[in-house]
Every structure is written in C-alpha cells, then in structure tokens.
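**Student:** Have a look at the structure that comes next, please.
The values are calculated or read from the model by the stated rules, or taken from the named source; none is laboratory data. Just so it is clear, the model here is predicted, and its values are computed rather than measured. Here the Cβ is made from the backbone with ideal geometry for all residues, glycine too, and neighbour counts use every protein chain on show. These accessible areas exclude ligands, DNA and RNA; they are computed on the full protein's heavy atoms, side chains included. Shrake-Rupley method; radii C 1.70, N 1.55, O 1.52, S 1.80 Å.
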Amino acid sequence: MWESVKEFASEFFVTGDPLIYGADVSIVLSMIAIVSVLTYFKKWGWLWREWLTTVDHKKIGIMYILASVLMLFRGGVDALLMRAQLAMPEMQFLSGDHYNQIFTTHGVIMILFMAMPLMFGLFNVIVPLQLGARDVAFPFLNALSFWLFFSGAMLFNLSFVIGGSPDAGWLAYPPYSELAFNPGPGQDFYIWGIQISGIGSLMTGINFIVTILKVRAPGMTLMKMPMFSWSVLSSCIAIVFAFPILTVTLALLFIDRYLGGHFFTLDGGGNPMMYINLIWMWGHPEVYIIVLPAFGIFSEIVATFSRKKLFGYKSMVFAMIIISVLSFLVWAHHFFTMGSGADVNAFFAVTTMLIAIPTGVKVFNWLFTMFRGKITFETPMLWTVGIIPNFVIGGMTGVLLSVAPADFQYHNSYFLVAHFHQVIIAGVVFGFFAGLYYWWPKIFGFKLNERIGRWAFWLWNIGFYLCFMPQYALGLMGMTRRLYTYGWDKGWFEMNLVSTIGAVIMGAAFLVQIWDIAHSIKHMKRDTTGDPWNARTLEWSIPSPAPFYNFAVMPQVTSQDDWHERKLRIEQGLEKPAKVELEPIHMPKNSGIPIVMSMFWFFVGFGLIFDWLWMAVPGFIGVIGCMVVHSFNYDTDYYVTVEEIKRTEAEAGRVIT
C-alpha cells in the first residue's frame, strides 16, 4: 500500500529538481500566510462578499490586474532563468529538458496570462467610465469571464509542480506536441489551461463589443467616443473572430491526443502544417489584439499631457479598424520557409508590409499631437514618449521580416526573438504600464510616487535595450532561438552576457515598481479632485476611486473630449453646473455562480488531463447545473436609493444639488 502511494506521488508530483522544491516550499508558505492573515483578521466573509462574488466591473478589473502582476513575476523569473543559462557558453545551470519547459511556460504565461489579463483589467476599470455607463452590458458574464481566465491560468501553472510543464513551445507545434512524442500530462495542461481561459477571453470580447455599441452615455456617438474605447472595440472585434479558431485548434489537438485522432499526424492522413496554419490564424491577430489597446492608451496620454486635442482622430479610428482586419491576412509570414510557393509568399509579404501603413499613421498622430503642445513629462507621458522609438524599431524590423527572401535568413533566429520582444514588451507591456500610471489615481484614489516611477522607467528602458539590441546581432551571427547552450568557439559570449545583464536590470525595475506601489500606499496622498492630470474624458469627471454606481447622474455628451470641453465652458462662464435631479440607480446583484462554475471547469480540465473521468464527468455536470441555476435565478438586481447616493457622494467630497 505504502509503496503504491510512493509510486503514485513520484509520478504525480514533479520531483528531482532543487528549483522545483524551492518553488514548492514558497507556494506552501505563501498559502499558509494568506490563510492565516484572512483568518486572524476575520476577512473570509469580506473576501467572499466584496471580491469573490462581485460583478462590479472595477473590482473585476483590479483582480485581472493583480493576477497579471503575479503572472509577470512568474514569467519574468522564467526569463531570468533562461538568460542565466545563456549568460556563458557551455553552462550547466539548466538541463535541456528543463530549458524547453521554461521557454514554453514563459511564452504562454507572458502572452496569455500576463498581457491579456492586464489588458482586460484596463478594459474593465476604464471603458464603462469613459462611456458614461454604470457597468458593462453583461455583468454576470464579465465575472464568469474573469473566473474562467483565472481557472485556466491556475490549471496551467499547476503543471509546474504536478505532472510536469509542457515543453513544445508557446504554440505547441505538432508532431512534437502529439501523444507519440509527448506522452506526459504537460501538453494536456497546456491544452486545457488555454482552452478554459480562452473561453473567458471570447466572452470578454463579446461583452465589450456590446457595451461599447449599446451602453454609451446619451449623446456619445461613435465619433465622439474616447480613443481608448475605440482601441478596445477594434481589439474585441479581432478577439471574437480569432479566439474561436484557437478553441477549435486546441480541441482538434486534444482529439488527436485523447481519442487517437489524426488531424495533425501524417500517420492517419493528417497534416501538421494544418495545425501551424490554424494556430497562426489566431496567433498573429493575437499580437494585434494586445497591442491595439496600448495604442489607445498612448493616444489618451499624449492628448492629456500635450494639452491638445488628439491630432487626426478619424485617421486614428480608421487605422485601428484597418489593423484589426488586416491582422487576419498576414499569418503565413511566420512560415515563409514552409514551401508554399512564390505566389503565396508574395501575397503574405505584401499584406504584412501593408499593415505597417496604418501602424505608422498612429505614430505620426502622436507626434503631431505633441507638436506645439504644452508638454509636461509626468510618469505616464514619460513611458509614452519612451515607447515611440522602441516601437518604431520593432515595426521596422517587422517590415524586414516581411521580405520573404530575406526572411529565409532571419527565420528561427535570435533576430526574430529580439523583434518579437521589441513589439510585445516595448509596445504592449510598456503601454499597459503607461496606462496603469495614468489611471492609477482613478482606480485607487491616489497617485504613484513620481520619483520612484521615473527610476522604474529608466531601469526598464536601459535594461530593455541592453537585453534585446544584442539579440538582433546574435541572430545575424547565426544563433537560433530555443538553443539552450552554445560553445566558446561561436563568438556569442559577449553579446549574451550583455543581454543577461539587461534582463537582470529589467528584473530590478519590476522590484522598483513594487516598491513604488508599497511606498505610495504608505505615504498615501488622497486625490480629492477626481482629475489630477487635468484630463479630457468622462472617467475624470467623477470622484476617485469611482463610486460603485460610477455616475450619480448619467452624463449628457455633446462633443469629443466632453469633460475637457465642459471644463472650458465653465471657466469661460458659458456654462454653470446644472441642478441635478437624483433618481434611484438600477444595479446588478453579486453572484457566487461564476466562481463555482469556474471551479467545475477546473475539475473538468484536471480530470481530462489525467484521464480521470470520475472527476471530469461530475465537473461537467456541475457546469450544466450552474447554468440551470442561473437560468432560473430572477433575484439578480436591485436599486440604490437616493439617500445612499447622496451619502456616497458626500463621503467622496461631492455635494449634489
């Protein structure tokens, strides 16, 4: 009996690696600390009522952001481990198998469990406020989307200590990801972790499209909508067309592995290239899904800190929509070397070059907005200005990669690694950092420390250039990606060492940001204005942080940058604050069904990973049961009384007359 238990435990848990044991201890200690604190301060009820069952878009946004910071830490540690292994030739810090697992989890976590939730966090916190709405169109669906994302992320991360991590790269190309070559549970953790969170992402896309099209404030036509909301709309349009492709692709791979199908194996008449086409039909739009909202963030920040209206508003809108559409017509440039022929390669080369045009338009829009503006360089603006040269380099190297004959030389090299990170880190991550610094006062009611924020900015940027500029040269010198070691005779040592030093500096920059948050909380100076940046859009017209009902009175929009225009009219004496008539506010009730349903989805995924139908089947029945219970639950909403509105506004320092 004891021997059977030992044998099961040795196969079920990941053993034999000191790094894993260290992580195990850290996880256990963290869990004990969290449970102890919640129990000591008697916060379990508060946690359930205020957060775990909430349907408030702002709290859901904060939970997305917290989850993304945790995932940034995990993905960042993976990156540092890889760079430590490559710092010197013939290093034995990581084994080849462990290195394969780490670059796989790093890619998946950073794209799907860090960038996506950080983006969804900003969607949730800001978009309804910018639109003058009380919540998103479907609050229950919004909560369910978050918990599905969280369940998928936890399932994927569990592979670190149970069963073993996937090791077939962040896109899991067959045939290596098929059962014959990859029989362990790691690849199934990959499939179900992404599958469950992907369903949540698709729901979020649908929710925000409906919110933007149907729940705007009176008078806010589409062409009066803030640019960040436009960027969210274009991103969500891409989500609803791209994520079903991912869902189907992973389902087919699961059928291959679980039921012995042959969609992507040559043995039974399948074709692995079909998988690669499908995954990139999702994968390339995915890059634009996460970068488009960053463009919206830059546009808001540039206009605010240049004290000018955004230059070329309509051209910016059209550029984003065009990018959203063209992003579906470029996927084959990821495998020009497949041998599709000159005509196919020429088509995808041209479409890839075309997408650079609307992308470049936005850079000119930002530059012309700054031209003759009264620019100030607070931290959000610093990030935005710093991003422009970074993103231009990333864009230009992308155009180089779009030249099919030249791509045969760059393909699978470190040149590609450098280009990809130049776009994703400098374009997406830095963009979301800019958004966090900009909207932090609106989310939490106080600004982050400017001096520490500038330290973080410079450390991130210096570290970034040190880390990735040498990788362009390494690629041209012949270093291929996913290489876990190299010899002294290659001549790559110096460049790799500099690259590793840059990665360490970026790791230090992350710690400085955590310090910034802790310092700002300790020395908190409450924002009593609701508009600390003298900004332009509706979210700044209400107290910070926003009341749970957002707007005591629905705003009436008359122009672009409506809040800025209203402030001008009041300053010029053309408009006086109007007497308002408060009315009860209709709000959704919290619900525990989303978190319970996501737990059942977790059981479904975990059961199928280990072929435990005794767990998967009840889990699936639980999912159906949650749907039925929710369908017959009619106690889903309530009204906030006028007295409570007055009391809440008074606590925020506003007197409604």
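**Student:** Does Leu70 count as out of contact with any helix residue (DSSP H, G or I) (no Cβ under 6 Å at 6 or more places or on another chain), under 24 Å from Trp460 (Cα atoms) and open to solvent by 80 Å² or more (accessible area, probe 1.4 Å)?
**Tutor:** It is true that Leu70 is out of contact with any helix residue (DSSP H, G or I) (no Cβ under 6 Å at 6 or more places or on another chain), under 24 Å from Trp460 (Cα atoms) and open to solvent by 80 Å² or more (accessible area, probe 1.4 Å).
**Student:** What single numbered condition from (1) open to solvent by less than 10 Å² (accessible area, probe 1.4 Å); (2) closer than 30 Å to Gly445 by Cβ fails to hold for Phe138?
**Tutor:** (1)
**Student:** Is there any pair with a first residue in the stretch 27-53 that is under 20 Å from Ile595 (Cβ atoms) and a second that is open to solvent by 60 Å² or more (accessible area, probe 1.4 Å) and in a helix (DSSP H, G or I) whose Cβ atoms are under 6 Å apart and which are 6 or more apart or on different chains, and what are they?
**Tutor:** Leu38/Trp44
**Student:** Mind telling me which of the residues Ala456, Ala406 ends up being of a type outside the set (Lys, Arg) and in contact (Cβ under 8 Å) with a residue 12 or more places away in the chain?
**Tutor:** Result: Ala456 is the single residue among Ala456, Ala406 that is of a type outside the set (Lys, Arg) and in contact (Cβ under 8 Å) with a residue 12 or more places away in the chain.
**Student:** Given the options Pro577, Pro584, name the one that is open to solvent by 30 Å² or more (accessible area, probe 1.4 Å), over 27 Å from Ile301 (Cβ atoms) and in contact with a strand residue (DSSP E or B) (Cβ under 6 Å, 6 or more places away or on another chain).
**Tutor:** Among Pro577, Pro584, only Pro584 is open to solvent by 30 Å² or more (accessible area, probe 1.4 Å), over 27 Å from Ile301 (Cβ atoms) and in contact with a strand residue (DSSP E or B) (Cβ under 6 Å, 6 or more places away or on another chain).
**Student:** Considering only residues of the stretch 160-195 that are assigned to a loop (DSSP other than H, G, I, E, B) and within 20 Å of Ala115 (Cβ to Cβ), which is most open to solvent (accessible area, probe 1.4 Å)?
**Tutor:** Among those that are assigned to a loop (DSSP other than H, G, I, E, B) and within 20 Å of Ala115 (Cβ to Cβ), it is Phe160.
**Student:** Let me ask something else. Look at Phe208 and say whether it is surrounded by 21 or more Cβ atoms within 10 Å (Cβ to Cβ) and in contact with a strand residue (DSSP E or B) (Cβ under 9 Å, 6 or more places away or on another chain).
**Tutor:** no
**Student:** Next up: Read through the list (1) farther than 20 Å from Leu329 by Cβ; (2) open to solvent by less than 10 Å² (accessible area, probe 1.4 Å); (3) out of contact with any Leu (no Cβ under 7 Å at 6 or more places or on another chain); (4) of a type outside the set (Asp, Glu), then give the number of the only condition that Ser229 fails.
**Tutor:** Condition (3) is where Ser229 drops out.
**Student:** Assuming Arg569 fulfils every condition listed in (1) farther than 30 Å from Trp48 by Cα; (2) assigned to a loop (DSSP other than H, G, I, E, B); (3) open to solvent by 60 Å² or more (accessible area, probe 1.4 Å) apart from one, which condition is it?
**Tutor:** (2)
Okay, residues lined up against (1) under 24 Å from Ala303 (Cβ atoms); (2) aliphatic (A, V, I, L, M); (3) without any contact (Cβ under 8 Å) to a residue 60 or more places away in the chain:
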| position | (1), (2), (3) |
| --- | --- |
| Val344 | no, yes, yes |
| Thr351 | no, no, yes |
| Ile357 | yes, yes, yes |
| Phe368 | yes, no, yes |
| Thr379 | yes, no, no |
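**Student:** For residues that are open to solvent by 50 Å² or more (accessible area, probe 1.4 Å), more than 16 Å from Pro185 (Cα to Cα) and among the hydrophobic types (A, V, I, L, M, F, W, C), tally how many sit in the stretch 251-268.
**Tutor:** So the count comes out to 2.
**Student:** For the stretch 87-97: of the residues being open to solvent by 20 Å² or more (accessible area, probe 1.4 Å) and of a type outside the set (Gly, Ala, Ser), which is nearest to Val287 (Cα to Cα)?
**Tutor:** Ranking the candidates gives Asp97 first.
Each row is one residue, and each column tells you yes or no for (1) farther than 22 Å from Phe430 by Cβ; (2) crowded, with 20+ Cβ neighbours inside 10 Å.
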{"site": "Pro470", "(1), (2)": "no, yes"}
{"site": "Met479", "(1), (2)": "yes, yes"}
{"site": "Tyr484", "(1), (2)": "yes, no"}
{"site": "Leu497", "(1), (2)": "yes, no"}
{"site": "Met506", "(1), (2)": "no, yes"}
{"site": "Ser520", "(1), (2)": "no, no"}
{"site": "Arg526", "(1), (2)": "yes, no"}
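**Student:** Looking at Val248, Val215, which is the one that is free of Cβ contacts under 8 Å to residues at least 60 places away in the same chain, among the β-branched types (Val, Ile, Thr) and open to solvent by 40 Å² or more (accessible area, probe 1.4 Å)?
**Tutor:** The match here is Val248.
**Student:** Quick check on this structure: which one of Gly198, Gly193, Gly186, Gly169 is at positive phi and in contact (Cβ under 8 Å) with a residue 40 or more places away in the chain?
**Tutor:** Unique residue meeting the criteria: Gly169.
**Student:** Quick test for you: out of Ile452, Ile425, Ile462, pick the one residue that is among the β-branched types (Val, Ile, Thr) and either closer than 26 Å to Thr104 by Cβ or outside any helix (DSSP H, G or I) (or both). Walk me through it before giving the result.
**Tutor:** On the way: Ile452 fails: either closer than 26 Å to Thr104 by Cβ or outside any helix (DSSP H, G or I) (or both); Ile462 fails: either closer than 26 Å to Thr104 by Cβ or outside any helix (DSSP H, G or I) (or both).
Result of the check over Ile452, Ile425, Ile462: Ile425.
Quick grid of which residues meet (1) over 28 Å from Met225 (Cβ atoms); (2) open to solvent by 30 Å² or more (accessible area, probe 1.4 Å):
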site: Arg49; (1), (2): yes, yes
site: Gln85; (1), (2): yes, no
site: Tyr99; (1), (2): yes, no
site: Met110; (1), (2): yes, yes
site: Phe120; (1), (2): no, no
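**Student:** Restricting to the stretch 1-47, name every residue that is hydroxyl-bearing (Ser, Thr, Tyr) and loosely packed, with under 10 Cβ neighbours inside 10 Å.
**Tutor:** Ser4, Tyr40
**Student:** Taking Met396 as the residue in question, decide whether it is open to solvent by 50 Å² or more (accessible area, probe 1.4 Å) and touching a helix residue (DSSP H, G or I) at 6+ places or on another chain (Cβ under 6 Å).
**Tutor:** no
**Student:** Looking at the stretch 589-657, what helices (runs of 4 or more DSSP H) fall wholly within it and have at least 1 residues that are touching a Lys or Arg at 6+ places or on another chain (Cβ under 8 Å) and on the phi > 0 side of the Ramachandran plot?
**Tutor:** none
**Student:** Could you give me the residue pairs with C-beta distances under 6 Å whose first residue belongs to the stretch 599-624 and is open to solvent by 10 Å² or more (accessible area, probe 1.4 Å), whose second residue is not in a helix (DSSP H, G or I) wherever it lies, and which are 6+ apart or on separate chains?
**Tutor:** Listed by first residue and then by second, the contacts come to Ile609/Pro185.
**Student:** Spot the failing condition for Thr304; the list is (1) without any contact (Cβ under 8 Å) to a residue 40 or more places away in the chain; (2) of a type in the set (S, T, N, Q); (3) closer than 18 Å to Asp561 by Cβ, and only one is missed.
**Tutor:** (1)
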